[in-house]
Amino acid sequence: MPPKEQNNPLEDIRKTLQTELEESNRSLREVTLMLQQSQGELTKITQRNAAITAHLQQVQAQGAKASLEELRMAYDSALDAQQRLFVMRGQLEKLQSDQTRLQHNKTQLEKITELLNKPGEGGKGGAKSAQASIEGVIQAQEAERQRLSRQMHDGPAQALSNFILQTEIAMRLMDIEPSQARDELNSLKASAMSTFQKVRNFIFELRPMMLDDLGVVPTVRRYIDNFKEQQSGTEITLTVSGQERRLQSYREVMIFRALQELLGNAARHSQATFIKILFDITDAAVKVTVDDNGKGFDTDVLQQGNSLGLNMIRDRVEMMGGVFELDSTTGRGTRVVFSIPGG
């Protein structure tokens, strides 16, 4: 009987990376093609808008000679052209952001694939390093899924169970004690409104839409406001310096997720009562500093791999060509500073 073939973990990783790389290349080609088409369409709309604006100016110059219908049609055409131009520019910006993000993903996948395929001792070390990075990502994802699962169970799921119970009580009281049934329904309404707000906060934590629409700084401000409502005993200050501007999409996501993790660590684990966040944006770099007055910890946990969140932040910062610094002492709070190239 032939020996059973054993799975090679590194080979499985290579195949997965190759599949993801092919998908990234395919998506990048599609986005690039759409970007080229949109740029051509934008040029046409811009030219059409210029012609319509010139026509509107001619109609306005006629004064009383121009009929109201001519004037109305000219205004409507100009407004329609401007709206089309606005929409197309927004679409173009989104496609450019998608192209940059996909290109970044492709570059990172190519680097990891190169490490895995590199021959010799250095290749083995690179393979182990790449495998460790991938394992870290998977562990962090699973830890996040477990956290979300607990939040769903303790929050909305539990609330829905209570809704069912309150509804049954109100239905039984409807005929015999209408006033008490009304009280139960009012209580149910208040609970539903509270749970609805919790679900909205839950969705905001998962993926705030305003991160795509407005950028990382407004999103962080909103997140801090929500966080302070949930952690009423924690004071948080945010100071933004430099040029407040939009960054590349994947950079904004990375910064937001890092601040989510650091705020959670400071308030829930380090039991800090004061957290200070400094956000400095220049053309060259984006620097974020998070100080807290919590109980602190031994920084050797990073080397021991006991802090998935901090290790993930450090790895992502370094993958972007940035710098990550951690300063913490037991009983004396924590300071985390990371900076990434501006973009």
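No lab work stands behind these numbers, since they all come straight from the coordinates. Remember, it's a predicted structure, so these values are computed and weren't measured experimentally. No Cβ is skipped: glycine too gets one built from the backbone with ideal geometry, and neighbour counts run over all protein chains shown.
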Q. Once both labels are modelled 7 Å past Cα along the beta-carbon direction, what's the S187-Q243 spacing in nm?
A. 5.8
**Q.** Full-extension gain in nm, E114 to Q47, via 0.36 nm per residue minus C-alpha separation
**A.** 19.5 nm
Q) What is the packing order of peptides 164-175, 285-296, taking the mean over residues of other C-beta atoms within 10 Å and listing the highest first? A) 285-296, 164-175
**Q.** Nearest-0.05 FRET efficiency for Q103 and T19, computed from C-beta distance (R0 22 Å)
**A.** 0.75
(Q) Over region 9-117, what is the relative contact order in percent, taking alpha-carbon pairs closer than 8 angstrom and at least six residues apart? (A) 48
(Q) Starting from 0.36 nm per residue, how many nanometres of slack lie between F163 and E325 once their C-alpha separation is accounted for? (A) 53.6 nm
Q. Taking the Cβ-Cβ separation of Q197 and Q96 as r and a Förster radius of 25 Å, what is the calculated FRET efficiency to the nearest 0.05?
A. 0.10
Q: Using the number of other C-beta atoms within 10 angstrom as an exposure proxy, rank M312, M73 with the fewest first.
A: M73, M312
